[in-house]
Amino acid sequence: MKILTVVALCIGAPSISGFNSSPLSSLSSRRPTLAASSLVTVAQTSSPDVVVISPPGGIGEIASVEAARLGGSVKWFVVSAPSLSSSSTGIALTSETLSAIEKAGGSIELAGANADSLLVNSDDGNSAASAVSTWCRGTKSILCTYDGAEEEKRRADLEKSADERGGSEDQMIRSSIRVAAREAVGVAGAGVSKIAILSAEEEMGDEEGTEQKGKGFLGGLFGGNAVEIPDTMSEAMKGATSVVRHGELFGAPESSPESSPFMGGPRREPILREMYTMRSIRIDPTISLSGSVIAGGSKTNRVAVGAVASRLGMEKIEVPKKRGIDVSLSSFAGTETPTEEEWNKEFSRVIELIASPSGGANLFSAEFSSVPSTKRLAEWIATKWAPAILRSYDIAGTRVGARPVYALQTDDNTVEIVWQELVDFNSVTSGRMIIKIEDTGMTATRGPGNASDGFGRISMKPLSGEDILVRRLADAASQAIEKGLATKSKVSAKEAAAQQTQAKPLTTLVASSAASAPAEPAVPASSGPGPRGAGARRSAERTRGTRRKNPPSSE
């Protein structure tokens, strides 16, 4: 298989690097150009379809290549660690990929900057922010990810002595990506699509303190010349953003040696890498219980994340631009990659859930054949079931942060479990679980707290003790059926036939050919302890308690 390596050049401050087959008007004064192979088609228009901003490799590279394979004009801006002294970087693509890009009419253009050159004011001669604005002008989509920042920090640490290691290069790269994203959005075309790729628990509203610490560190590093850094990717992208979250990542881009299908070289029984055996996907609203599972240890294929990001950037998948979406992507066993129809089907399902009255924050559902009185069932949950659960050690033992405190029946068929916490020594409502009783079922959704106390939005993260209540709700549904408050859902004849258990295997007794007497009957497996349980048998019929056959003779 033919491999083509495309080399990028770097020169002095502001350390802009790139490759192309014709001079770039915006960057030609800052760096020399390098003619790439004729197999690489480089963007000639000033308004690219997609701009990708990321560290080297990782999801950024996968999304850039995939968008070009879809026929897009792609500009990939690479943010590198400031301490790297290497004067070159590169990307290797197979001849099949290059042919696919050429056939689709796509293109890739690469440029980059060191992280420190993006964190100084634009009026500074060492700033690369103005070059980003010029290079990304008029783009239709902007895609940003932090994936690769930790790996870039590890590469930077290899060039340092043991005493110099342990810096904050990864934090600096993240801040630089947000600054570059803000510059790109400022010069983007009207109706630009904004996509952020984040990990499961990243930037979910409770990390402001961490970001402020980062600002303090960078402000001390650059003095009064430091640029203002956005706290989050959504703030950097100014408005509605489509967020795709992932669990623990696995897989590698095409240019990585780890993209080979086989692990450990040739073997008698080859071992395939997970990125080839876990290609099936599932997408859920992050706010839902299924989406929260991603934070609990689910794994996500980098190739799948890059594929969905590139399709969102190329607008192959329709999502609401005005309010954006926040979804979680998880990977499962399967060797077939999702088709365009499957991608659209998954997103249609998720968008329908988000547009529902619950906003996608579904936690539990149970089906009944009927509920004789929804009011009686709601009263039982509010006055009997919920107080007992809230007094349990798992819930009442919470000493820090918010916890469920009481249940309130707000309607004939609605019960709210209220979460409270102390803020400035005042008890405030920070969240709710809304249990709705219908004629044929029961559902539970996550609700907001008091807007006046700053909790007017539904929490993206699970509330404290929420998982315990969801598990206990399954018991509540069973108890409701036992108490006659609900009728169990009936199973159809077809489903009943499918659920029939398999017949127990027959036990065959084989007697020895030398034995003249008939074989003893098998001892039942359920026999109790004692001689009979050990296999003993009576030698003769007992006479006690039986009627005598012959009456006694009278003499």
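In the stretch 423-474, how many residues are of a type in the set (V, I, T) and touching an Asp or Glu at 6+ places or on another chain (Cβ under 9 Å)?
Final tally of qualifying residues: 8.
Matching residues to (1) touching an Asp or Glu at 6+ places or on another chain (Cβ under 6 Å); (2) of a type in the set (A, V, I, L, M); (3) modelled with pLDDT of 90 or more; (4) over 19 Å from G58 (Cα atoms):
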position: W76; (1), (2), (3), (4): no, no, yes, no
position: P82; (1), (2), (3), (4): yes, no, no, no
position: T89; (1), (2), (3), (4): no, no, no, no
position: K103; (1), (2), (3), (4): no, no, yes, yes
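May I ask you to list the residues in the stretch 425-458 that are among the polar types (S, T, N, Q) and within 20 Å of R399 (Cα to Cα)?
Keep residues of the stretch 425-458 that are among the polar types (S, T, N, Q), which gives 426-427, 429-430, 440, 443, 445, 450, 452.
N426, S427, T429, S430 - these are the residues of the stretch 425-458 that are among the polar types (S, T, N, Q) and within 20 Å of R399 (Cα to Cα).
Which ones in the stretch 365-405 are of a type in the set (S, T, Y) and surrounded by 19 or more Cβ atoms within 10 Å (Cβ to Cβ)?
Start the filter on the stretch 365-405 by keeping residues that are of a type in the set (S, T, Y), which leaves 365, 369-370, 373-374, 383, 392-393, 398.
Listed by number, the list holds a single entry, T374.
Could you tell me whether K153 is closer than 20 Å to G189 by Cβ, surrounded by fewer than 24 Cβ atoms within 10 Å (Cβ to Cβ) and among the basic types (K, R)? Show your work before the answer.
Values: closer than 20 Å to G189 by Cβ: no; surrounded by fewer than 24 Cβ atoms within 10 Å (Cβ to Cβ): yes; among the basic types (K, R): yes.
No; evaluated as a whole, the condition is false for this residue.
Take the stretch 182-203 and flag every residue that is buried (at least 19 other Cβ atoms within 10 Å of the Cβ) and part of a loop (DSSP other than H, G, I, E, B).
Within the stretch 182-203, A188, V192, A200, E203 qualify.
When you go through (1) under 34 Å from the mean Cα position of the chain (by Cα); (2) open to solvent by 40 Å² or more (accessible area, probe 1.4 Å); (3) farther than 24 Å from M460 by Cα one by one for P357, which number turns out not to apply?
Exception for P357: condition (3).
Hey, can you tell me all the residues within the stretch 402-411 that are free of Cβ contacts under 8 Å to residues at least 60 places away in the same chain and not acidic (D, E)?
V405, Y406, A407, L408, Q409, T410
Can you tell me which residue within the stretch 469-489, out of those that are within 21 Å of D284 (Cβ to Cβ) and touching a helix residue (DSSP H, G or I) at 6+ places or on another chain (Cβ under 7 Å), is modelled with the lowest pLDDT?
Residues of the stretch 469-489 within 21 Å of D284 (Cβ to Cβ): 469-471, 473-474.
Then keep just the ones that are touching a helix residue (DSSP H, G or I) at 6+ places or on another chain (Cβ under 7 Å); that gives 469-470.
Working: L469: 90, V470: 87.
Per the stated criteria, the residue is V470.
List pairs: first residue in the stretch 129-155 and without any contact (Cβ under 8 Å) to a residue 60 or more places away in the chain and over 14 Å from I59 (Cα atoms), second residue open to solvent by 10 Å² or more (accessible area, probe 1.4 Å) and not charged (D, E, K, R) anywhere in the structure, Cβ distance under 8 angstrom, at least six positions apart or on different chains.
Listed pairs, sorted by first residue: S130/S122; S133/G186; S133/V187.
From the set of residues in the stretch 298-323 that are farther than 15 Å from E61 by Cα and touching a Gly at 6+ places or on another chain (Cβ under 8 Å), which is modelled with the lowest pLDDT?
K321
Among the residues of the stretch 258-280, write down those that are assigned to a strand (DSSP E or B), surrounded by 16 or more Cβ atoms within 10 Å (Cβ to Cβ) and either at pLDDT below 90 or not aliphatic (A, V, I, L, M) (or both).
S280
For residues in the stretch 412-463 being in contact (Cβ under 8 Å) with a residue 24 or more places away in the chain and among the acidic types (D, E), which is least open to solvent (accessible area, probe 1.4 Å)?
The extreme case among them is E416.
Return the pair list, or none, for Cβ contacts closer than 8 Å from residues in the stretch 227-238 that are part of a helix (DSSP H, G or I) to residues that are open to solvent by 30 Å² or more (accessible area, probe 1.4 Å), at least 6 apart or on different chains.
From residues that are part of a helix (DSSP H, G or I), the pairs are A236/R182.
Checking L329 against (1) of a type outside the set (K, R); (2) closer than 22 Å to E66 by Cα; (3) in a loop (DSSP other than H, G, I, E, B), only one condition comes out false. Which one?
(3)
Quick check on S331: is it open to solvent by less than 50 Å² (accessible area, probe 1.4 Å), farther than 21 Å from E201 by Cβ, small (G, A, S) and modelled with pLDDT of 90 or more? Quick ask: steps written out before the conclusion?
Details: open to solvent by less than 50 Å² (accessible area, probe 1.4 Å): yes; farther than 21 Å from E201 by Cβ: no; small (G, A, S): yes; modelled with pLDDT of 90 or more: yes.
No: the conditions fail for S331.
Within the stretch 126-181, track down each residue that is over 25 Å from the mean Cα position of the chain (by Cα), acidic (D, E) and part of a helix (DSSP H, G or I).
Passing the criteria: D157, E169.
Look at S176 and say whether it is open to solvent by 20 Å² or more (accessible area, probe 1.4 Å) and of a type in the set (S, T, Y).
Numbers: open to solvent by 20 Å² or more (accessible area, probe 1.4 Å): no; of a type in the set (S, T, Y): yes.
Against the criterion (open to solvent by 20 Å² or more (accessible area, probe 1.4 Å) and of a type in the set (S, T, Y)), S176 does not qualify.
Mind listing just one residue for me: the one in the stretch 111-146 that is open to solvent by 20 Å² or more (accessible area, probe 1.4 Å) and in contact with a strand residue (DSSP E or B) (Cβ under 9 Å, 6 or more places away or on another chain) and, of those, modelled with the lowest pLDDT?
Per the stated criteria, the residue is N126.
Do you know which of the residues in the stretch 227-257 that are among the aliphatic types (A, V, I, L, M) and modelled with pLDDT under 90 is nearest to G125 (Cα to Cα)?
If we take residues in the stretch 227-257 being among the aliphatic types (A, V, I, L, M) and modelled with pLDDT under 90, then V227 is nearest to G125 (Cα to Cα).
At pLDDT 85 or above, among the hydrophobic types (A, V, I, L, M, F, W, C) and touching an Asp or Glu at 6+ places or on another chain (Cβ under 7 Å): does that describe I283?
yes
The values are calculated or read from the model by the stated rules, or taken from the named source; none is laboratory data. What you are looking at is a predicted structure, and each value in this text was computed from that prediction instead of being measured. Counting neighbours? That spans all protein chains shown, and the Cβs are built from the backbone with ideal geometry, glycine included. With ligands, DNA and RNA removed, areas are computed over all heavy atoms of the protein, side chains included. Shrake-Rupley method; radii C 1.70, N 1.55, O 1.52, S 1.80 Å.
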